[in-house]
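The values are calculated or read from the model by the stated rules, or taken from the named source; none is laboratory data. Bear in mind that the values here come from a model prediction, so they are computed numbers and not experimental data. Heads up, the Cβs are rebuilt from the backbone with ideal geometry, glycines too, and the neighbour counts pull from every protein chain shown. Ligands, DNA and RNA are stripped out before the accessible areas are found, and what is left, the full protein with its side chains, is counted by its heavy atoms. Shrake-Rupley method; radii C 1.70, N 1.55, O 1.52, S 1.80 Å.
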Amino acid sequence: MIAITSNTISEERLNEIISYIEKSGNQAHVSKGTDRTVIGIIGQASPTLAEHLRQMTGVENVIKISKSYKLASRDFHPEDTVIDIKGVKIGGDELVIMGGPCAVESAEQIDEIARLVKAAGGQVLRGGAFKPRTGPYSFQGVGVEGLVMMKEAGEKHGLLTITEVMTPEYVDVCAEYADILQVGTRNMQNFDLLRKLGTIKTPVLLKRGFSSTYDELLNAAEYILAGGNPNVMLCERGIRTFETYTRNTLDLTAIPVLQQLSHLPVISDPSHGTGRRELVETMCKASVAAGANGLIVEMHTDPDNSMTGDGVQSLFPHQFAQLLQDLEKLAPLMGKKFETPKQPVESFR
Ligand SMILES: O=C[C@H](O)[C@H](O)COP(=O)(O)O
Ligand SMILES: C=C(OP(=O)(O)O)C(=O)O
């Protein structure tokens, strides 16, 4: 259920309404928009509570939200959520590019890739220190050391950093080193992890489970939001279908659908979505054309020797640079701002 008040309501009155809701045994989540303030009421809201609220001075309307997720829904927050991380705004009119290797392999590797991401025009450095691998004998990531290497590289080159966190126990340490925490496809419904991420304020990129519906993804986001962390972005990274030519099937429709159902920023991951380098560029452009707020793209200086199997879906640096220069032309058509330093693509070879 949501209660809508006008924005001219006094803070005192708003607090009275909130405490009334809390006294009824429910939680109140406040979202202030330009014209109105919406109070999300989470709990077993009774019809009597709705009736009482409707009568309270300052309350303009009370609406029951029939969806199982509330705080993630557009009904609760009609305006787009914009997450501002050190001046990089995700979810607004900026196109945000996150680039980097699948895994942090060494300090030299991540430093060089960070330099290239920045030179190409990217704003965020991606790289896994903890890798969720299908097989237990595959390379599992360098661990905490990787977080340190990534933070140093990000700071040196003026990039934000994003890294995957796989267990609740590692949330605090990952949040200490990275600007954005990534929940991988395999962990989208790791509810203990989601609950823990709700207790911090570090932005979270929540990847869609490879067999999950939009509804399940939005409910997973709801766990983080309900815990008190409003900084959630959704990521379409491909789903499992009958098609085996591509590693996954990048569901482009997810982008506009999620943006209709939710106010949260939507990021696309064509690297995992296709699993094939030669398709990444096209699907990045298609994602931007579909309205994505940003992209997360794998790029490696030596993909043939990448320590995970993701070399085949990683762009070479010059391909990454070319892609970003092309996106610079495409972004304005989609009402997005994006600029690169326009360095000659040849200098990335
Ligand atoms: O390590 C993560 C990689 O991106 C990849 O998705 C892992 O999958 P795999 O272990 O099946 O190679
Ligand atoms: C493992 C990753 O992605 P996903 O969870 O989408 O497979 C990743 O981005 O490193």
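Structure data summary
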{"item": "Residue that is surrounded by the fewest Cβ atoms within 10 Å (Cβ to Cβ), among those in the stretch 265-279 that are small (Gly, Ala, Ser) and within 15 Å of ligand 1 (Cβ to nearest atom)", "result": "Gly275"}
{"item": "Those residues of the stretch 232-277 which are touching a strand residue (DSSP E or B) at 6+ places or on another chain (Cβ under 8 Å), in a loop (DSSP other than H, G, I, E, B) and among the small types (Gly, Ala, Ser), in sequence order", "result": "Gly238"}
{"item": "Lone unmet requirement of (1) surrounded by 15 or more Cβ atoms within 10 Å (Cβ to Cβ); (2) within 16 Å of the chain's Cα centre (by Cα) for Pro256", "result": "(1)"}
{"item": "In the stretch 212-241, the residues that are within 13 Å of the chain's Cα centre (by Cα), farther than 17 Å from Gly128 by Cβ and within 16 Å of ligand 1 (Cβ to nearest atom)", "result": "Glu236"}
{"item": "Test: residue in the stretch 200-217 that is more than 16 Å from ligand 2 (Cβ to nearest atom), assigned to a helix (DSSP H, G or I) and of a type outside the set (Ser, Thr, Tyr)", "result": "yes"}
{"item": "Residue list for the stretch 165-211, restricted to those being open to solvent by less than 50 Å² (accessible area, probe 1.4 Å), of a type in the set (Val, Ile, Thr) and more than 16 Å from ligand 1 (Cβ to nearest atom)", "result": "Val171, Val173, Ile180, Ile200, Thr202, Val204"}
{"item": "Positions within the stretch 328-349 being in contact with a strand residue (DSSP E or B) (Cβ under 7 Å, 6 or more places away or on another chain) and in a helix (DSSP H, G or I), in sequence order", "result": "Ala331"}
{"item": "Cβ pairs under 9 Å, 6+ apart, first in the stretch 292-312 and under 30 Å from Lys337 (Cβ atoms) and among the charged types (D, E, K, R), second part of a strand (DSSP E or B) and within 16 Å of ligand 1 (Cβ to nearest atom)", "result": "Glu298/Gly99; Glu298/Gly100; Glu298/Arg126; Glu298/Leu315; Asp310/Ala103; Asp310/Glu298"}
{"item": "Residue ID - most open to solvent (accessible area, probe 1.4 Å), chosen from residues in the stretch 321-349 that are under 18 Å from Gly294 (Cβ atoms) and small (Gly, Ala, Ser)", "result": "Gly335"}
{"item": "Selection status of Thr282, away from ligand 1 (no atom under 16 Å from the Cβ), part of a loop (DSSP other than H, G, I, E, B), open to solvent by 50 Å² or more (accessible area, probe 1.4 Å) and modelled with pLDDT of 95 or more", "result": "no"}
{"item": "Residues (away from ligand 2 (no atom under 12 Å from the Cβ), touching a strand residue (DSSP E or B) at 6+ places or on another chain (Cβ under 7 Å) and not hydrophobic (A, V, I, L, M, F, W, C)) located in the stretch 122-145", "result": "Gly122, Gln123"}
{"item": "Residue list for the stretch 291-327, restricted to those being away from ligand 2 (no atom under 16 Å from the Cβ) and either among the hydroxyl-bearing types (Ser, Thr, Tyr) or touching an Asp or Glu at 6+ places or on another chain (Cβ under 6 Å) (or both)", "result": "Thr301, Leu323"}
{"item": "Failed condition for Ile296, given (1) open to solvent by 10 Å² or more (accessible area, probe 1.4 Å); (2) under 22 Å from Ile110 (Cα atoms)", "result": "(1)"}
{"item": "Residue match in the stretch 228-250 (condition: in contact with a Leu (Cβ under 7 Å, 6 or more places away or on another chain), open to solvent by 30 Å² or more (accessible area, probe 1.4 Å) and within 20 Å of Asp80 (Cα to Cα))", "result": "no"}
{"item": "Subset tally (residues that are part of a helix (DSSP H, G or I) and buried (at least 17 other Cβ atoms within 10 Å of the Cβ)) for the stretch 21-37", "result": "1"}
{"item": "Val62 more than 16 Å from ligand 1 (Cβ to nearest atom) and either within 17 Å of Val266 (Cβ to Cβ) or assigned to a strand (DSSP E or B) (or both)", "result": "yes"}
{"item": "Residues that are open to solvent by less than 30 Å² (accessible area, probe 1.4 Å) and away from ligand 2 (no atom under 16 Å from the Cβ), drawn from the stretch 146-156", "result": "Ala153, Gly154"}
{"item": "Check on Val142, open to solvent by 20 Å² or more (accessible area, probe 1.4 Å) and within 14 Å of the chain's Cα centre (by Cα)", "result": "no"}
{"item": "Given (1) over 21 Å from the mean Cα position of the chain (by Cα); (2) closer than 30 Å to Thr134 by Cα; (3) away from ligand 2 (no atom under 14 Å from the Cβ), index of the condition Ser347 fails", "result": "(2)"}
